[in-house]
Structure formats: C-alpha cells, structure tokens
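*Asks:* Okay, handing you the structure first.
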Amino acid sequence: QVQLVESGGGLVQPGGFLTLSCAASGSIIDIDVMGWYRQVPGKQRELVARITSDHTTDYADSVMGRFIIYRDNTKNTVVLASGILKPDDTAFYYCYARIRGSSGGPFGDYWGQGTQVTVSS
C-alpha cells in the first residue's frame with residue numbers, strides 16, 4: 001500500500017516563509033514526478049510546482065521566484081520551500097506523486113491528505 005504523508009503548513013504572516021514536506025512510503029519500485037498542488041474552496045486544484053526524478057522543475061507563474069521544490073530520491077521525499085508568502089497563497093496544499101508500486105504494474109497517481117496554509121496578519 002503506497003501512501004503520501006505531508007507535514008508542515010499552518011498560519012504565517014504575509015512576507016513570511018513556510019516549508020512543506022511529503023514522504024512517500026509503502027511498497028515502491030519507482031517514483032516519476034513528485035509535486036505540490038493547491039486548492040481553495042470553489043476553485044479547481046492547481047499546480048504549484050513539480051519535479052521529475054532527474055530534478056527537472058516546473059513552477060506556476062504565480063510562485064516563480066518565491067517557491068523552491070526539491071526532492072531526495074533516496075528517501076522518497078519532496079519539499080516545497082515557500083517564501084515571500086502572500087494572502088493569495090492561502091489554500092489547501094496537496095502532495096502528489098506518480099508511483100509504480102511493488103505489484104509491477106503501470107505508474108499510478110497518488111495524493112496526500114493535504115495540509116492547510118493560511119497567510120494572514
């Protein structure tokens with residue numbers, strides 16, 4: 001059974017910094033893309049940042065230059081370092097990974113439970 005567990009999140013003041021971490025566990029053979037998405041009530045879930053197994057990154061325009069994503073392939077973890085936070089960054093953040101499990105089947109999409117990030121003074 002593969003699962004993603006997030007940590008971090010919480011309340012931060014505008015201009016502040018926050019780090020979100022996510023660890024994949026279970027019977028894992030390979031992890032392709034890992035990333036973070038966010039969602040606010042009434043809107044679709046949107047990509048924040050993602051990173052491939054060879055560390056190629058992709059960012060939403062709204063976070064470019066403020067957020068950094070990185071991963072540790074030996075620990076199956078991905079981290080989103082969020083800086084110069086704005087009230088518009090307030091959302092529920094979800095970890096995502098494309099994983100092939102020990103069953104040897106195709107890659108599947110996995111999501112964490114999510115963690116709330118609130119940017120407010």
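*Asks:* Counting only residues that are among the charged types (D, E, K, R) and within 11 Å of residue 33 (Cβ to Cβ), which one in the stretch 50-62 is least open to solvent (accessible area, probe 1.4 Å)?
*Replies:* The residue in question is 58.
*Asks:* Still on this structure: Under the condition of being aliphatic (A, V, I, L, M) and part of a strand (DSSP E or B), which residue from the stretch 21-44 is surrounded by the most Cβ atoms within 10 Å (Cβ to Cβ)?
*Replies:* By that ranking, first place goes to 34.
*Asks:* May I ask you to say which residue of 47, 18, 4 is in contact (Cβ under 8 Å) with a residue 12 or more places away in the chain, surrounded by 13 or more Cβ atoms within 10 Å (Cβ to Cβ), of a type in the set (A, V, I, L, M) and touching a Leu at 6+ places or on another chain (Cβ under 7 Å)?
*Replies:* On the way: 47 fails: touching a Leu at 6+ places or on another chain (Cβ under 7 Å); 4 fails: touching a Leu at 6+ places or on another chain (Cβ under 7 Å).
Criteria check complete, one pass: 18.
*Asks:* Could you check the stretch 82-121 and list, in sequence order, the residues that are over 13 Å from residue 31 (Cα atoms), open to solvent by 30 Å² or more (accessible area, probe 1.4 Å) and of a type in the set (Gly, Ala, Ser)?
*Replies:* The answer is 103, 120, 121.
*Asks:* Something else about it: Conditions: (1) out of contact with any strand residue (DSSP E or B) (no Cβ under 9 Å at 6 or more places or on another chain); (2) touching a residue at least 60 places away in the same chain (Cβ under 8 Å); (3) not hydroxyl-bearing (Ser, Thr, Tyr). Residue 54 meets all but one. Number of the miss?
*Replies:* All conditions pass for residue 54, except number (2).
The values are calculated or read from the model by the stated rules, or taken from the named source; none is laboratory data. Source: prediction; values computed, not measured. Using ideal geometry, Cβ is built from the backbone for each residue, glycine included, and neighbour counts are taken over all protein chains shown. Note: accessible area is taken over every heavy atom of the protein model, side chains too, but ligands, DNA and RNA are not part of it. Shrake-Rupley method; radii C 1.70, N 1.55, O 1.52, S 1.80 Å.
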